[in-house]
1. Using helices alone, what [θ] at 222 nm do you get for the chain, with -39,500 (n - 2.57) per DSSP H run of 4 or more residues, divided over all residues and rounded to the nearest 500?
2. Rounded, prolate or oblate: which fits the range 89-148, taking a ≥ b ≥ c as square roots of the Cα gyration tensor eigenvalues, rounded meaning a/c under 1.5, else prolate when a/b beats b/c?
3. Gap in Å between the Cα centre of the range 122-185 and the Cα centre of the range 1-71?
4. For the chain, report the accessible area per residue in Å² (1.4 Å probe, heavy atoms, rounded to an integer).
5. What aspartates and glutamates could a cross-link reach from Lys193, if we take a straight Cα to Cα line under 19 Å and drop same-chain neighbours fewer than 8 places away?
6. In whole Hz and in residue order, list the ³J(HN,Hα) couplings for the range 158-166 that follow from phi through the Karplus curve 6.51 cos²θ - 1.76 cosθ + 1.60, θ = phi - 60°; x for Gly and Pro.
7. If we sort 89-99, 59-69 on the protection proxy, mean other Cβ atoms within 10 Å, highest first, what's the order?
8. Can you give me the relative contact order of the chain as a percent, contacts being Cα pairs under 8 Å and 6 or more apart?
Amino acid sequence: MTSLKTILTKARACRVCADRLPLGPRPLLQAHRETRLLIVGQAPGRAAHESGIPWNDRSGDRLREWLGITSEQFYDDTLTGLMPMGFCFPGTGESGDLSPRPECAPLWHDKILSHLPKLELTITVGQYAFDRYLSAEFAALTDAVRGFDSLLPTRIALPHPSPRNNIWLKKHPWFESDVLPRLRQRVQELVGKAG
């Protein structure tokens with residue numbers, strides 16, 4: 001059986017869609033056999049691509065605030081795994097970043113997931129992760145976010161933390177009052193186990 005380290009090395013060297021990436025490939029992901037919390041996001045943004053650090057932008061700041069964890073905990077792969085739907089920055093379109101490249105998830109997700117024996121919580125962030133992992137159970141992302149009680153303690157869906165979603169957040173105040181406290185409580189349980 002191929003080790004997680006080997007899979008991650010191969011994923012980080014992946015060039016399958018190199019000719020369709022405007023800034024070239026730079027796969028950004030993290031995982032460890034000890035990972036307890038997995039964040040399945042969208043794709044790195046330009047700032048993350050340029051720095052080589054996933055979620056290194058305002059969306060990442062907001063996500064860490066939602067989770068109630070520090071940057072050190074977020075980037076500690078023995079606690080937090082980061083597995084976006086597309087591992088590389090897909091480029092920018094007229095209304096923001098383009099969709100994640102569709103090749104990554106089918107190529108890599110199952111291989112990585114099969115090597116996370118201590119995984120206790122998977123957080124799907126945004127529409128693309130919802131479509132792959134929760135759309136068979138919920139009609140829409142908002143329904144999945146609102147249905148957090150039926151998903152916890154092992155899964156939870158979140159809207160994308162991009163500032164572009166501020167309107168969604170204002171329209172759904174229950175997210176901040178009901179979902180975030182439960183999410184933070186669950187994450188702290190995992191932080192306690194990892195510490």
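1. -9000 deg cm²/dmol
2. oblate
3. Centre-to-centre distance over Cα atoms comes out at 20 Å.
4. For the chain, the per-residue accessible area is 48 Å².
5. Glu34, Glu72, Asp76, Asp77, Glu120
6. 10, x, 5, x, 4, x, 5, 9, 4
7. 59-69, 89-99
8. Relative contact order here is 25 percent.
The values are calculated or read from the model by the stated rules, or taken from the named source; none is laboratory data. If you're wondering where the values come from, they're calculated on a predicted model, not measured in any experiment. So basically every Cβ, Gly included, is an ideal-geometry build from the backbone, and we count neighbours across all protein chains shown. The area values use the complete protein model at the heavy-atom level, side chains included, leaving out ligands, DNA and RNA. Shrake-Rupley method; radii C 1.70, N 1.55, O 1.52, S 1.80 Å.
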